[in-house]
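Please treat every number below as a calculation from the coordinates, not as lab data. Here the structure is a predicted model, which means the values were calculated and not measured. For neighbour counting, all protein chains shown are included, and Cβ atoms are generated from backbone atoms with ideal geometry for every residue, glycine included.
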Amino acid sequence: VVDYRRAHSVRALVHRSKLIQAITDYAARYPHEGAVVERFHGLLDAHPNCFDRDCWAGHITGSAWLVDPVGKCLLLTHHKKLDMWLQLGGHSDGDPDTAEVAVREASEESGLTVALISSSILDLDVHEIPARKADPVHYHFDVRFALRADSRDYVVSDESHDLAWVPIDDIESFTTETSILRMREKWNQLALVRGS
């Protein structure tokens with residue numbers, strides 16, 4: 001007989017360890033981001049339930065820098081709850097495989113088939129989420145990955161007012177959100193390294 005609770009617990013520990021290592025690798029690539037790295041390590045160390053959306057000390061979310069097949073446009077969502085143009089992403093809902101969360105959320109919110117470009121973290125961000133209904137003010141500890149869509153034929157989900165493919169060089173026409181512009185800088189650096 002398979003003990004599913006034990007199997008789930010082992011999986012959670014493995015993916016938690018992988019995330020901690022990925023954050024450590026990220027810190028080596030971006031040493032000037034030590035403060036945000038320390039916040040992530042603090043949450044992971046102090047709150048075993050940090051992948052659950054009711055961990056009000058903060059919870060881990062996964063999101064996607066989702067580019068079109070040729071890598072020239074970024075898919076943004078006009079988020080209903082926050083009323084802002086943002087990258088796709090969402091709650092882990094207990095899943096400690098943050099890269100898989102980013103893939104799942106991007107696919108669910110766009111109807112597209114998407115895949116990781118790299119298993120390395122593109123960006124880390126901690127941002128405040130305002131109180132809403134029964135939820136108090138809390139923080140999303142967002143782990144961002146670079147993904148590629150297999151087509152540009154998206155479907156707008158219930159979570160969005162709209163979606164739009166935005167030229168990466170012209171993101172400011174939709175948003176000046178600091179962390180999105182920071183992701184663009186990192187994406188452009190990756191493109192130079194990859195020679196694309």
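Entry note, region 28-78: relative contact order of 17 percent, from Cα contacts under 8 Å with a spacing of 6+ residues.
So if each residue of separation counts as 0.36 nm, and I subtract the Cα-Cα distance between residue 161 and residue 133, what length gain in nm does that give?
Going from the current span to full extension adds 8.1 nm.
Using r as the Cβ-Cβ distance of residue 38 and residue 181, and R0 as 25 Å, what FRET efficiency do you calculate, to the nearest 0.05?
Working: r = 23 Å, r/R0 = 0.92.
It comes out at approximately 0.65.
Simple point charges give the picture: +1 on the Cβ of Lys and Arg, -1 on the Cβ of Asp and Glu, and for region 1-156 a dipole about the Cα centre of about 120 debye.
Mean separation of Cα pairs under 8 Å and 6 or more residues apart, divided by the residue count, gives region 88-196 a relative contact order of 24 percent.
Counted as membrane-span-like here are DSSP H helices of the chain whose alpha-carbon atoms extend 27 Å or more along the helix's own axis and whose Kyte-Doolittle mean is -1.0 or above; these are 4-29.
Counting only C-alpha contacts under 8 Å and six or more residues apart, can you give the relative contact order of the chain as a whole percent?
Result for the chain is 23 percent.
Label positions at residue 172 and residue 80, each projected 7 Å from the Cα along the C-beta direction, are separated by 3.3 nm. Taken along the Cα-to-beta-carbon direction at a fixed 7 Å, the label points for residue 21 and residue 126 span 2.5 nm.
Think of the chain as having a plus end and a minus end, set by charges on the Cβ of Lys, Arg, Asp and Glu; of 90, 122, 17, 17 sits farthest toward the positive end of this dipole. With a Förster radius of 25 Å applied to the C-beta separation of residue 14 and residue 56, the computed FRET efficiency comes to 0.45. From its DSSP helices (H runs of at least four residues, each -39,500 (n - 2.57)), the chain gives a residue-normalised ellipticity at 222 nm of -12000 deg cm²/dmol.
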